[in-house]
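One structure is given below, encoded as structure tokens.
The values are calculated or read from the model by the stated rules, or taken from the named source; none is laboratory data. Note that the coordinates shown come from a computational prediction; the quantities given were computed from them, not determined experimentally. As a convention, Cβ positions derive from the backbone with ideal geometry for all residues, glycine included, and neighbour counts pool all protein chains shown. Surface accessibility is based on the protein's heavy atoms, side chains included, excluding ligands, DNA and RNA. Shrake-Rupley method; radii C 1.70, N 1.55, O 1.52, S 1.80 Å.
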Amino acid sequence: MTVRVGIVGTGMIGRDHARRLTGTVAGAEVTAVADVDAGRARAVAAGLPAARALPRGLDVVADAAVDAVLVTSSGPTHEEFVLAAIEAGKPVFCEKPLAPTADACLRVVRAEVARGRRLVQVGFMRRYDDGYRAMKEVVDSGGLGTPLMVHCVHRNVSVPVAGYTSDMAVTDTGVHEIDAVRWLLGDEIAAVEMRAPRRSGRAPEHLRDPQIILLETREGVHVDVEVYVNCGYGYDIRCEVVGESGTADLAGTAPVTVRAGGHRTAPVPAHWTDRFARAYDAEVREWVDSAARGAAAGPSAWDGYAATAVAAACLEARDGGRRVAVTLAERPALYA
Ligand code: NAP
């Protein structure tokens, strides 16, 4: 069966997923797209073999030629389209964050629970990265002993001066580490703090950059996440789990290290599209395979909710200058 996919939001990652669904992932075709910028949607549709540009995102969700929906519009608009897809009984892939507030995420969770089956996959692609997967296998095997600490680094070359805020460094950027740590440890975050080091001269005036997120899990693991989004030199993602008797850290992604002229060098990826290309392919492949069965797998609406709730607590901790306990709603059996 070919899954007919409708895409809402044809910006950077919407176009990337459209290309992936057309040329890389088997078993899918893009049949409809929409964007608030109608010209952008038309241009994307024109470059795809079977897609029409429709006026609104809700038209895409309702379209009879759409079996499953991919939501890649901006974060605050996700909830409306995901709820409409659940209402229509269509599998839906929603880019992170599921929604910008914990309450909005909970509305999605409750709608899915009311529907009685999983339809939502959230775009936490780290879970599909070979390195993170190998690390989780080591942690789950017990080979490191009981996990004690996790050290994470999330550095971007730069972010747009306009539109990217200090809050987004947590809710849009650090949220990847929040989800990855929950998944790696199989543990929920119980409390958070934040620190703001000296502001980098590379950051625009309005942006706190870097920022440090400190997480404590229910089992007592302490996690530090450095988010520095104007580091200038590359897209640098690091993660090290420290257990009682061993450590595991992500290997570099370069296929080769060069030793020459007295130096040992390896390239650092320039962008997240390079660093996580295979992970994006894998997550979309799993989504298409699940959608063909009318179902969903991978990171769930509950994971989207928990990550957003932790991110919101981080902002409260940062702005209040204090440690904040994270209180999650009761986890529905659907997400056991
Ligand atoms: P983007 O380039 O700004 O694209 C978003 C597109 O959606 C824009 O064309 C935007 O139009 C459009 N849009 C906004 N509201 C809409 C609505 N109500 N209906 C239809 N279209 C609408 O942003 P992006 O970088 O692709 O990011 C999109 C989402 O993906 C965000 O949630 C982001 O956090 C996520 N993302 C995830 C990853 C990852 O690693 N998993 C990476 C990048 C992005 P306007 O520009 O006119 O508003």
Any pair with Cβ under 9 angstrom, 6 or more apart, that starts in segment 1-17 at a residue that is within 12 Å of ALA50 (Cβ to Cβ) and ends at one that is assigned to a strand (DSSP E or B) and aromatic (Phe, Trp, Tyr): VAL5/PHE93
Which residues, taken from segment 202-218, are surrounded by fewer than 20 Cβ atoms within 10 Å (Cβ to Cβ), among the charged types (D, E, K, R) and assigned to a loop (DSSP other than H, G, I, E, B)? ARG202, GLU205, ARG208, ARG218
When (1) within 25 Å of PHE124 (Cβ to Cβ); (2) open to solvent by 70 Å² or more (accessible area, probe 1.4 Å) are applied to ARG52, the one that fails is (1)
Under 30 Å from ALA312 (Cα atoms), of a type in the set (D, E, K, R) and either within 11 Å of the ligand (Cβ to nearest atom) or touching a residue at least 40 places away in the same chain (Cβ under 8 Å) (or both): is that true of ARG40 in this structure? no
The condition from (1) within 21 Å of VAL181 (Cβ to Cβ); (2) without any contact (Cβ under 8 Å) to a residue 40 or more places away in the chain; (3) of a type outside the set (Asp, Glu) that ALA277 misses is numbered (1)
Scanning segment 78-126 for residues that are in a helix (DSSP H, G or I), within 16 Å of the ligand (Cβ to nearest atom), open to solvent by 30 Å² or more (accessible area, probe 1.4 Å) and farther than 21 Å from VAL3 by Cβ gives GLU79, GLU80
Looking only at segment 28-37, count every residue that is surrounded by fewer than 20 Cβ atoms within 10 Å (Cβ to Cβ) and within 13 Å of the ligand (Cβ to nearest atom) and tell me the total. 2
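Residues checked against (1) closer than 20 Å to VAL175 by Cβ; (2) out of contact with any Cys (no Cβ under 6 Å at 6 or more places or on another chain):
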| residue | (1), (2) |
| --- | --- |
| ALA270 | no, yes |
| PHE276 | yes, yes |
| VAL288 | no, yes |
| ALA292 | no, yes |
| SER300 | yes, yes |
| TYR305 | yes, no |
Can you tell me which residue is nearest to the chain's Cα centre (by Cα) among those in segment 12-27 that are away from the ligand (no atom under 13 Å from the Cβ) and in a helix (DSSP H, G or I)? LEU21
Do we find a residue being touching a helix residue (DSSP H, G or I) at 6+ places or on another chain (Cβ under 8 Å), more than 16 Å from the ligand (Cβ to nearest atom), modelled with pLDDT of 95 or more and of a type in the set (Gly, Ala, Ser) anywhere in segment 129-139? no
When residues of segment 1-11 are filtered for being under 15 Å from GLY47 (Cβ atoms) and either more than 16 Å from the ligand (Cβ to nearest atom) or assigned to a loop (DSSP other than H, G, I, E, B) (or both), how many remain? 2
Yes/no for VAL157 being within 28 Å of GLY246 (Cα to Cα) and either within 18 Å of the chain's Cα centre (by Cα) or open to solvent by 20 Å² or more (accessible area, probe 1.4 Å) (or both): no
Segment 61-77, residues that are in a loop (DSSP other than H, G, I, E, B) and within 10 Å of the ligand (Cβ to nearest atom): THR72, SER73, SER74
Being within 21 Å of GLU193 (Cα to Cα) and open to solvent by 50 Å² or more (accessible area, probe 1.4 Å) is the filter here; which residues of segment 225-254 pass it? ARG238, GLU240
Do you know which residues across segment 315-335 are among the basic types (Lys, Arg) and under 15 Å from ASP167 (Cα atoms)? ARG318
Residue satisfying condition, being closer than 18 Å to MET135 by Cα and away from the ligand (no atom under 16 Å from the Cβ), within set VAL225, VAL268, VAL242: VAL242
Quick check on my filter: what residues within segment 259-299 are open to solvent by 70 Å² or more (accessible area, probe 1.4 Å) and among the β-branched types (Val, Ile, Thr)? THR265
Open to solvent by 20 Å² or more (accessible area, probe 1.4 Å) and at pLDDT 95 or above: is that true of ALA336 in this structure? no
